[in-house]
Structures are given as structure tokens and as C-alpha cells.
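Worksheet for the structure shown next.
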Amino acid sequence: MNFDFSDDQKQLRDQARKFLTEKCSPKAVRIVLDGKASYDKELWKGLAEMGFLGVAIPEEFGGAGAGHLELCVIAEEMGRANAPVPFSSTVYLAAEALLIAGSDAQKKKWLPAIASGEAIGTLALFEGNGNPSPKNVKLTAANGVLNGIKKPVADGVIADFAVVAARTGSSGRDGDISLFLVDLKAGGVQVKSLTNLDPTRGQAEINFKDCKAEPLGAAGDGWSILTQVLDRAAVLCAFEQVGGSDRALEMGRDYALDRIAFGRQIGSFQAVKHMLADMYVSATLARSNSYYGAWALSTNAAELPEAAAAARISATQAFQHCAKNNIQVHGGMGFTWEFDCHMYYRRANAMALGLGSLTYWEDQLIDRMRKKNAA
């Protein structure tokens, strides 16, 4: 079995890396980080023009129709560049939810708009602290109207529409949860920006007050659909984290080769060598698990639930490890605002919580393996 990407996919990666190197420099990221913009609109427009936003969206809905392997390739390069755009919330979450459960009318309305960069989407699942769970969904839906609060919602301030998880039953089972599609510009919605660790990926509180919504998927299928969406997003986010891990490792390596202390490169010191070697091992392990997840995702394999959880766990650990050790290699300078180390550290820790905590995914992996072995 060959887990490597094809020549065409590698060429796509080279194109994405070249584009992001030119259009998404650390200086461009800092414009958003400093609060001068909510996201990089020119970069978002460029991603659409390159076809990256719609790479996994079928051609009939305005996308490139390439597939999830190609999207994994793009995701890795987005992570390397630390891109300050709503890519994950729109492409990994909102678009995937539409592809899984959307009606033809819903797909025709929103997917072409995503592919062209005209629409930003998000998933409104969380309601404060806690991991993904049907028990944590309190927002209610009745007669096509939503009432309740969702927070944090990734890119909620700039989103045009949201896929919203709502409670439609009281049996205490997964079937109590349904999904709804909400046009956030249509009224009945109050949005407030939240302070968060990584300002380049904004978070919001959204208050739904008698907000009109249309069902996404069948009633009571919400949690089943969400599980599929989160598994897909876990693999795609893992590739972003792998890209960030590799870039953090490269930054640490380059600094270790350039910095001279006591008449020699600090990279020649054994402690620094060990630190960089550990970073390499964790990043490589994450890549291996992510490739397995990419295979499972692209083939819709039965192993996807376990593969997604494994990719999520290893990539989260690797990105946090590499981002932290990159600062350590840089020493005191690594803690300063002027150096770029903290941007990857912020992103690593923000991404570690975006789909649920590391502990949550570890529990998911154990539960899924137990169920598989008991079957």
C-alpha cells in the first residue's frame, strides 16, 4: 500500500507553497495579529482564484472536484504559512457538513460561494467550556426557530452562514440533536467578538434570538452528521498541524545554525541537538498518522474514525511540542514579540482546542478501538 502523494499532488503542494510564500509572509500575518484586520482579505481572494478553497468541492457546485487528498496537501501548506484566514472553519467544517448532509438547493447556494471566496462559513457547536457531546448542546430549535448562545464560534464575527447544532428532543439520546443552516446576515443574530490566544483566527459569541433556520439533514441525525464532520476535520487539521510543526522545526534548526555562542554554533551543543531531534521525531510520527488518516478519508474507509483520532492526537502533540521547543532553541529572543516563534505557539495551542481537547480525542480513540475489537 502506497501512502505517498502522487506527482500531481506534489506539484499542487509546490504551487501552494510558492503562492503562500509570496502572499503570506510573517509580516502579512502580523497585520492581522496586531488587530489591524480581522483576516487577510487579499489572501482569501487569492486562495479562491487559485482554486484552493474549492479543491474538494465537486465541479457541479463550482469547485475543482479534486478530492480530499488534494485538500490535505493544501491544508499542510496553510499550516506552514500560519495563514490568517478562515480556511478551517469554512472548508473543513461548514463545507464538509454541506457535502455530507446538505440538500441540492443548499449545496447550490453555498458551495459555489465558498469556492469563489464570496462566503465564509463556520460550525456553531460549543456552548462554553466542554468537549463535543450531545449533553452539552442546550440551544433549542422549535418550528424552524433557534434560541440560545454558542461560544466560542471560530471566525463567527466574519462568517456569512453557520451550521448550528440544536436540541430538538428531550430523550437524553444522540437523536435529540439536529443541525440547522443559518444565514448570519439575515437577522435574529447578535455576534460579539471574544478575546482568544490566537487573534489571527478569531472567535465569537453568537446569540440566536428567535432566529429563523432551515434544517440541514434529517431531524435527529445531527450528532451522527457532526461525528462525521469532526472526523474529517480532524484529519484536515492534523495536516495543518503537521505543516506548522515542520515550520517550527525549520525555524529552530536555522537559528541553531546561525546563532554563535562561546565561539561556536549553538546547534553543535548536545542539548540543542537533542531538542531538535525530539522535534523531528514528533513531527515525523504526526506525519505518519496523518497520512494514514488521509488514506482513510479519501477512500471513506471503515478505519476513518480510529485513523482520524490517531492523526488528531499525534499532530496536536507534535505541533505543541515543536512550537514550544522552537522558543526554547531561540532562548530569550524566542519570547519576544519581534521574533515569529510566538505566532506558531499561539496557533498550536489554539488548534489543540478547536475540535475538542486532546483528552477528548484520546478517549475517542480508545472507545472506538474497543468497539471495533468487540464487534
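Okay, residues lined up against (1) under 20 Å from Ala234 (Cα atoms); (2) small (Gly, Ala, Ser):
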{"position": "Lys107", "(1), (2)": "no, no"}
{"position": "Ala113", "(1), (2)": "no, yes"}
{"position": "Gly130", "(1), (2)": "yes, yes"}
{"position": "Pro134", "(1), (2)": "yes, no"}
{"position": "Leu139", "(1), (2)": "no, no"}
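Among the residues of the stretch 143-183, the ones that are over 30 Å from Lys41 (Cα atoms), assigned to a strand (DSSP E or B) and either open to solvent by less than 10 Å² (accessible area, probe 1.4 Å) or at pLDDT below 95 (or both) come to 4 in all.
Residues in the stretch 286-306 that are of a type in the set (A, V, I, L, M) and either more than 24 Å from Ala248 (Cβ to Cβ) or not in a helix (DSSP H, G or I) (or both): Ala296, Leu297, Ala301, Ala302, Leu304.
To keep it simple, each residue is scored yes or no on (1) closer than 18 Å to Gly79 by Cα; (2) touching a Phe, Trp or Tyr at 6+ places or on another chain (Cβ under 8 Å); (3) surrounded by 15 or more Cβ atoms within 10 Å (Cβ to Cβ).
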{"residue": "Gly187", "(1), (2), (3)": "no, no, no"}
{"residue": "Ile206", "(1), (2), (3)": "no, no, yes"}
{"residue": "Cys211", "(1), (2), (3)": "no, no, yes"}
{"residue": "Leu216", "(1), (2), (3)": "no, yes, yes"}
{"residue": "Gly220", "(1), (2), (3)": "no, no, yes"}
{"residue": "Val229", "(1), (2), (3)": "no, no, yes"}
{"residue": "Ala233", "(1), (2), (3)": "yes, yes, yes"}
{"residue": "Asp254", "(1), (2), (3)": "no, no, no"}
{"residue": "Phe269", "(1), (2), (3)": "no, no, no"}
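Consider the stretch 2-47 and keep the residues that are assigned to a helix (DSSP H, G or I) and among the aromatic types (Phe, Trp, Tyr). The one that is farthest from Arg247 (Cα to Cα) is Trp44. The set of residues from the stretch 49-87 being open to solvent by 20 Å² or more (accessible area, probe 1.4 Å) and part of a helix (DSSP H, G or I) comprises Glu49, Glu59, Glu60, His68, Leu69, Glu70, Arg80. Residue pairs whose Cβ atoms lie under 8 Å apart, sitting 6 or more positions apart in sequence or on different chains, and linking a residue in the stretch 192-205 that is closer than 10 Å to Ala350 by Cβ and touching a residue at least 60 places away in the same chain (Cβ under 8 Å) to a partner that is of a type in the set (Asp, Glu) and open to solvent by less than 30 Å² (accessible area, probe 1.4 Å), are Arg201/Asp155.
The values are calculated or read from the model by the stated rules, or taken from the named source; none is laboratory data. Keep in mind that this is a model prediction, so the values were computed, not measured. Glycine gets a Cβ as well: all are built from the backbone with ideal geometry, and neighbour counts include every protein chain shown. Just so you know, the surface numbers come from the protein's heavy atoms only, side chains and all, with ligands and any DNA or RNA stripped out. Shrake-Rupley method; radii C 1.70, N 1.55, O 1.52, S 1.80 Å.
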